[in-house]
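Worksheet for the structure shown next.
The values are calculated or read from the model by the stated rules, or taken from the named source; none is laboratory data. Note that the coordinates shown come from a computational prediction; the quantities given were computed from them, not determined experimentally. Cβ placement follows ideal geometry from the backbone for every residue including glycine, while neighbour counts extend to all protein chains displayed. Accessible surface areas use protein heavy atoms only, side chains included; no ligands, DNA or RNA. Shrake-Rupley method; radii C 1.70, N 1.55, O 1.52, S 1.80 Å.
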Amino acid sequence: MGFKRPECLTKESMHYCPGCGHGIIHRLIAEIIDEDYKESKIIGVAPVGCAVFIYDYFNFDFVAAAHGRATAAATGVKRSIPDALVFSYQGDGDIAAIGTSEVIHAATRGENFTAIFVNNGVYAMTGGQMAPTTIPGQVTVSSPYGRDPKKQGYHIKLCEMLVPLDGVAFVARTSIHNLKNIEFTKKAIKRAFEVQMNNEGFSIIEVLSNCPTNWGLSPCESMKRIENEVLKYYSLGIFKDKGRGI
C-alpha cells in the first residue's frame, strides 16, 4: 500500500506552525475514519485555540463551540444524533481551564462521545502563556522564571482526575514524539471510537504534543523535550478501559 492522503482530509493547506503536532493527530483521526467509519455519520466539535480551523481540514461535518464548551456542544450533538460518531477536539487551555467544568460533568454523566485533548503545555494561540498543564519549572511568557508550584500551583492531570468517575469508560494518555508513540496514539483513538460506538460511555484521549514556536525550539528539539522533560510529569498508558476490565 502506498502512502497517500486519507480520503476524509480535504486538500486545504493547514495553518499550523512548522513542526506542530496537530497535523499528525489530524492525520491519525483521518486514517481511522477511512479504515473503520467511511459509511458512518461523523461530527466533530471544533474548539477555540490553535485548532479552531480544524473544520477546514476534514470533509465531514463540524460544530464550532464557544471557548471551553466543546464537550457541552458534543453532548448536545450526540444526544440529538445518537448513531453518529461524535468527537470534540480541544487544547489544554480549552478543556483543562475554561472547560474544566464541562468535561467533568460530561464525563460524570457518562455522555457517549469521545474527547481528543491535545496537551502542549501552553496557551499557544495567544502567544505561549502558562496553561493549567504547564509543568513545574517550565518557562513561558507569563512565567519567565519557570512555573513555581509554591506561587502558581501544580499542573493539572486531567486524565487522572477523570478515571474515578463512574460514567467514564475509556481514558488514555499518549504522545506523538516518536513513531512508536504515534502508533500508540492511533490505537488509543481507534479504541475510544470503538468504545463510543459500543455505547459504553465517555471516552477521552490526552495526546502530549509539541509547540516548537512557543517553546522556542526546533521541531526535532521539541520532540526530544517531550521525551526528556514532559514525560517525567505525564505518564503514558491506558488508565481505564471499562469494557476490557482495566
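For the reader, a short list of remarks on this structure follows.
- Residue, most open to solvent (accessible area, probe 1.4 Å), within the stretch 93-110, restricted to residues that are in contact (Cβ under 8 Å) with a residue 60 or more places away in the chain and within 17 Å of the chain's Cα centre (by Cα): Ile104
- Residue match in the stretch 32-47 (condition: open to solvent by 20 Å² or more (accessible area, probe 1.4 Å), closer than 19 Å to Val207 by Cβ, charged (D, E, K, R) and under 17 Å from the mean Cα position of the chain (by Cα)): no
- Subset of the stretch 206-246 [over 14 Å from Ile135 (Cα atoms), in a helix (DSSP H, G or I) and among the β-branched types (Val, Ile, Thr)]: Thr213
- Residue under evaluation Leu28, criteria (1) under 24 Å from Trp215 (Cβ atoms); (2) touching a Phe, Trp or Tyr at 6+ places or on another chain (Cβ under 8 Å), criterion not met: (2)
- For the stretch 5-30, the tally of residues that are touching a Cys at 6+ places or on another chain (Cβ under 9 Å) and open to solvent by 30 Å² or more (accessible area, probe 1.4 Å) stands at 6.
- Condition met for Gly167 (over 30 Å from Arg147 (Cβ atoms), touching a Ser or Thr at 6+ places or on another chain (Cβ under 6 Å) and either open to solvent by 60 Å² or more (accessible area, probe 1.4 Å) or modelled with pLDDT of 95 or more (or both)): yes
- If you go through the stretch 114-169 and keep only what is touching a Leu at 6+ places or on another chain (Cβ under 6 Å) and not aliphatic (A, V, I, L, M), you end up with just Asn119.
- Number of residues in the stretch 60-92 that are in contact (Cβ under 8 Å) with a residue 24 or more places away in the chain, more than 17 Å from Gly167 (Cβ to Cβ) and open to solvent by 10 Å² or more (accessible area, probe 1.4 Å) equals 8.
- If the condition is being small (Gly, Ala, Ser) and either in a loop (DSSP other than H, G, I, E, B) or over 11 Å from Leu85 (Cα atoms) (or both), then the stretch 35-49 contributes Ser40, Ala46, Gly49.
- Selected residue (criterion: farthest from Ile135 (Cα to Cα)) from residues of the stretch 175-205 that are of a type in the set (S, T, N, Q) and crowded, with 24+ Cβ neighbours inside 10 Å: Ser203
- Contact map, the stretch 166-178: first residue basic (Lys, Arg), second residue open to solvent by 10 Å² or more (accessible area, probe 1.4 Å) and part of a loop (DSSP other than H, G, I, E, B), Cβ cut-off under 9 Å, separation 6 or more or different chains; pairs are Arg173/Lys157; Arg173/Ser235; Arg173/Leu236.
- Residue check for Val86: assigned to a helix (DSSP H, G or I), more than 30 Å from Ser218 (Cα to Cα), of a type outside the set (Asp, Glu) and in contact with a strand residue (DSSP E or B) (Cβ under 7 Å, 6 or more places away or on another chain): no
- Qualifying residue in the stretch 27-40 (condition: within 26 Å of Ala124 (Cα to Cα), without any contact (Cβ under 8 Å) to a residue 40 or more places away in the chain and not basic (Lys, Arg)): yes
- Residue count for the stretch 117-145, restricted to those that are open to solvent by 30 Å² or more (accessible area, probe 1.4 Å) and outside any loop (DSSP other than H, G, I, E, B): 3.
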